[in-house]
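Colleague: To start, I am sharing the structure in question, which I have written as structure tokens.
Bear in mind that the values in this text are calculations on the coordinates, not laboratory data. Please read these numbers as outputs of a predicted model, since none were measured by experiment. With ideal geometry, Cβ positions are generated from the backbone for all residues, glycine too; neighbour counts draw on all protein chains shown.
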Amino acid sequence: MQALLLDKQPIAIDDLVAVSRYGTPVTCSKAGEDRVNKTSELISRWVDEKKVIYGITTGFGSMCNVTISPEDTRTLQENILMSHAAGIGSPLPDEVSRAVMALRVHDLSMGYSGCRMETLRYLLAFLNKGVSPIIPEKGSVGASGDLAPTAHMGLVLIGRGEANYNGKRLPGEKVLQQIGLEPLKLGAGEGLALINGTQVMTAIGVLVVNDAVRLSKTADIACAMTLEVLMGSNSEFDPRIHEVRPHPGQMATADNILRLTADSGIIASHEGCARIQDAYTLRCSPQIHGASKDAVAHAERVINIEINSTTTNPLIFADIEEVRLGGNFHGQPVAMAADYLTMGLAELGSVSERRIERMVNPQLSDLPPFLVKNGGLNSGYMIAQYAAAALVSENKVLAHPACVDSIPTSANKEDHVSMGTIGIRQTREVLDNVEHVLAIELLCAAQAYDLIVENKPMVAGRGTREAYKVIRRYVPYMGKDRDLYKDIERMVAVVRNGEIVSAVEAAVGDIRGTG
């Protein structure tokens, strides 16, 4: 497998997903090494000259006026890792830990931090050898960078902290021994350079945005299947309707569902029926799903900018041999995008649950109660709808914006913070909930399809029939009650691995997940 150059410009979300989730090997180019070496040599010279530089020859935060002697600069950098590693809670998944390291390498390789190439090589070795530092998920306020979580990453470099390696959770020192490295001796400014940035919130954001695009496509597929089994019309997806209100996501959704239901014998079977208009959850799905697509698109734009930025402080401009102190570590852009994305994903779950209700409720459909024969003895999908409703209600709480909160830190030197890492963690949790809700809708739609064609054989649309085939490959028709949680988890796995989207796109062409 060809190694990915982590110092390239620009780097893409897909690149980071390949590294963090699928283990693509990484390296750094000669040009990247030259940038890093030039800046680190400049830092070394400035330390020898006893130049006062924030975080390199001074203390941190509100203690920035404390000057550190040249002989204490290494101790200062180790101290910042130990003192700032105050994270709390369950560890972030290994894929997030890997994304954090990949983003940190990319930022440092730009040559603005003063970090040495040796330090980058340790991070590259961790990525290539499968070392994932244990990073607690809580403890960042999303400004001055993700200090607490990234400090836990940095600890492993110096033989402290813990990491997952070969399926075991081990002390940092032991991990280094097993991959043939000595504990890293940090140079001037390197402790700060390792932790001062938005890499944790951005790492989670990379994976969430990647999955949100797939989820948005899946929502359109589920909606198209439900439209058919509820005997809805596809005339509401006529492009002329949406051209006069041309929101990008709305137009994309309408086009997706029109192609998914093309050649549907089910829809054709009730042309000219007495029903005048479908319920909003069907008729307004382009407007609802489309707004969520626009939220995904916005988050994708923000994350693409963030992963190709440097978010450290201070910034060393080696070409002019000057230092600039700024605030690129402040997570507000990511925080606001995360909160917007959370609301967008929550709405995909909300409208999906209402479509589930229409399928299981015989007063709203022509289908058997709870989509099962011999009702009463069998409960069918009754409680699946309960579960979807519970998840949707939980999402309403999780969708409260995190970025509107701020608590001053560091003796009020850092008097406004973004809470961006909290925000994107909420996004990730909402996404997980919506994956389950859509899985339930897909199961109900497939069950309804079987009940319909049993009495009157008809074919589904060009795209929906492919989705149905994938569903039935993993979950059979429910003739009588069985352990429903197993079906739901199988379906969630299929939603997550993208198999349904791939099968459908092979039949109808690419479907759009963003506006």
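Colleague: Which of the trypsin sites (Lys or Arg not before Pro) found in the stretch 427-515 are loop residues per DSSP with 11 or fewer other Cβ atoms within 10 Å of their Cβ?
Modeller: Lys480, Arg482
Colleague: Right, another one. Mind jotting down a quarter of the surface of the convex hull over the alpha carbons of the stretch 107-166, in square nanometres, one decimal?
Modeller: The number I arrive at for the stretch 107-166 is 4.7 nm².
Colleague: Fewest Cβ neighbours within 10 Å first, please rank Ser352, Ser97, Ser264, Ser144 accordingly.
Modeller: Ordered by Cβ neighbours within 10 Å, fewest first: Ser264, Ser144, Ser97, Ser352.
Colleague: Now for a separate question. Please work out the Cα center distance from the stretch 367-443 to the stretch 131-176, rounded to the nearest Å.
Modeller: One Cα centre to the other: 28 Å.
Colleague: Okay, next question. Counting alpha carbon pairs within less than 8 Å and at least 6 residues apart, what relative contact order, in whole percent, applies to the chain?
Modeller: Computed value for the chain: 17 percent relative contact order.
Colleague: Pop out the ³J(HN,Hα) list for the stretch 305-317 in order, Karplus 6.51 cos²θ - 1.76 cosθ + 1.60 with θ = phi - 60°, rounded to Hz; leave Gly and Pro as x.
Modeller: Calculated HN-Hα couplings, in order: 5, 5, 6, 10, 10, 9, 10, 8, 7, x, 9, 9, 9 Hz.
Colleague: Give a quick list of GluC sites (Glu not before Pro) in the stretch 1-78 that DSSP marks as loop, anything other than H, G, I, E or B, with at most 10 other Cβ atoms within 10 Å.
Modeller: Taking the stretch 1-78 and a limit of 10 other Cβ atoms within 10 Å, the loop GluC sites (Glu not before Pro) found are Glu49.
Colleague: Can you give the FRET efficiency for Lys50 and Arg169, using 1/(1 + (r/R0)^6), R0 = 41 Å, r = Cβ-Cβ distance, to the nearest 0.05?
Modeller: In this case the efficiency is close to 0.45.
Colleague: Per 0.36 nm of contour for each residue apart, how much would the distance between Lys129 and Tyr22 grow if the chain were fully extended, relative to their Cα-Cα spacing?
Modeller: Additional length available on full extension: 37.2 nm.
Colleague: R0 = 41 Å: FRET efficiency of Ser406 with Asp450, Cβ-based, nearest 0.05?
Modeller: Taking R0 as 41 Å, the efficiency between Ser406 and Asp450 is 0.20.
Colleague: What is the total of Lys pairs in the stretch 4-197 with C-alpha atoms under 16 Å apart, excluding same-chain pairs fewer than 8 positions apart?
Modeller: Value for the stretch 4-197: 4.
Colleague: Ser269 versus Ile179, label points 7 Å from Cα toward the beta carbon: distance in nm?
Modeller: 5.7 nm
Colleague: May I pose another question? Find, among the GluC sites (Glu not before Pro) in the stretch 267-319, those assigned to loop by DSSP (not H, G, I, E, B) with at most 13 other beta-carbon atoms within 10 angstrom.
Modeller: Answer in residue order: Glu271.
Colleague: Once you charge only the Cβ atoms, +1 for Lys and Arg and -1 for Asp and Glu, what is the size of the charge dipole of the stretch 4-197 about its Cα centre, to the nearest 20 debye?
Modeller: Rounded to the nearest 20 debye, it is 180 debye.
Colleague: I would also like to ask the following. What does the convex hull of the alpha-carbon atoms of the stretch 367-501 project to on average, in nm²?
Modeller: Directional mean of the projected Cα hull area for the stretch 367-501 stands at 10.8 nm².
Colleague: Could you give each residue of the stretch 169-177 its phi-based ³J(HN,Hα) in whole Hz, using Karplus coefficients 6.51, -1.76, 1.60 with θ = phi - 60°, and x for Gly or Pro?
Modeller: 8, 10, x, x, 4, 5, 4, 4, 4
Colleague: Can you work out D for the stretch 98-216 in µm² s⁻¹ from Stokes-Einstein, where Rh is the Kirkwood radius over C-alpha pairs, the temperature is 37 °C and the viscosity is 0.692 mPa s?
Modeller: It comes out at roughly 225 µm²/s.
Colleague: Same structure, new question: Among Arg259, Arg169, Arg355, Arg121, which comes first, then next, by fewest other beta-carbon atoms within 10 Å?
Modeller: By the 10 Å Cβ count, ascending: Arg169, Arg121, Arg259, Arg355.
Colleague: Here is a further query. Which three extents, in angstrom, do the Cα atoms of the stretch 72-146 have along their principal axes, listed largest first?
Modeller: That gives 31, 31, 20 Å along the principal axes, largest extent first.
Colleague: OK, next. Mind jotting down the distance between the C-alpha centroids of the stretch 297-354 and the stretch 1-26, whole Å?
Modeller: After rounding, the separation between the Cα centres reads 19 Å.
Colleague: What does the convex hull of the Cα atoms of the chain come to per residue, in Å³, rounded to a whole number?
Modeller: 153 Å³
Colleague: Oh, and also: Note the direction-averaged projected area, equal to a quarter of the hull surface, for the Cα convex hull of the stretch 4-197, in nm².
Modeller: Taking the Cα atoms of the stretch 4-197, their convex hull projects to 10.3 nm² on average.
Colleague: What does the extension gain come out to for Asn79 and Arg472, with contour length at 0.36 nm per residue minus their alpha carbon separation?
Modeller: Between Asn79 and Arg472, full extension yields 135.8 nm more.
Colleague: Simple spin-label model, 7 Å along Cα-to-Cβ: Ile276 to Ile320 in nm?
Modeller: That separation, rounded to one decimal, is 6.8 nm.
Colleague: Limiting things to C-alpha atoms, what are the Rg and the maximum Cα-Cα separation (Dmax) for the stretch 335-396, in angstroms?
Modeller: Using the Cα atoms of the stretch 335-396, the pair Rg, Dmax is 14.7, 50 Å.
Colleague: So, one more: Tell me, Asp72, Asp211 in order of fewest to most beta-carbon neighbours within 10 Å?
Modeller: Listing Asp72, Asp211 from fewest to most nearby Cβ atoms yields Asp72, Asp211.
Colleague: Also, I was wondering about something else. Setting aside same-chain residues fewer than 8 positions from Lys480, which lysines have a Cα under 23 Å from its Cα?
Modeller: Within the straight-line limit of under 23 Å, Lys480 reaches these lysines: Lys373, Lys456, Lys469.
Colleague: Over the Cα atoms of the stretch 205-277, Rg to Rh with Kirkwood Rh, two decimal places?
Modeller: Taking Rh as the inverse mean 1/r over Cα pairs, Rg/Rh reads 1.05.
Colleague: May I ask you to work out the translational diffusion coefficient for the stretch 431-475 at 20 °C, viscosity 1.002 mPa s, via Stokes-Einstein with Rh from the Kirkwood sum over Cα pairs, reported in whole µm²/s?
Modeller: Estimated diffusion coefficient is 190 µm²/s.
Colleague: Enumerate the calculated ³J(HN,Hα) couplings along the stretch 354-370 in order (Karplus 6.51 cos²θ - 1.76 cosθ + 1.60, θ = phi - 60°), each rounded to whole Hz, writing x wherever the residue is Gly or Pro.
Modeller: So the J values, rounded to whole Hz, are 5, 5, 4, 4, 5, 6, 7, 9, x, 6, 10, 8, 9, 9, x, x, 6.
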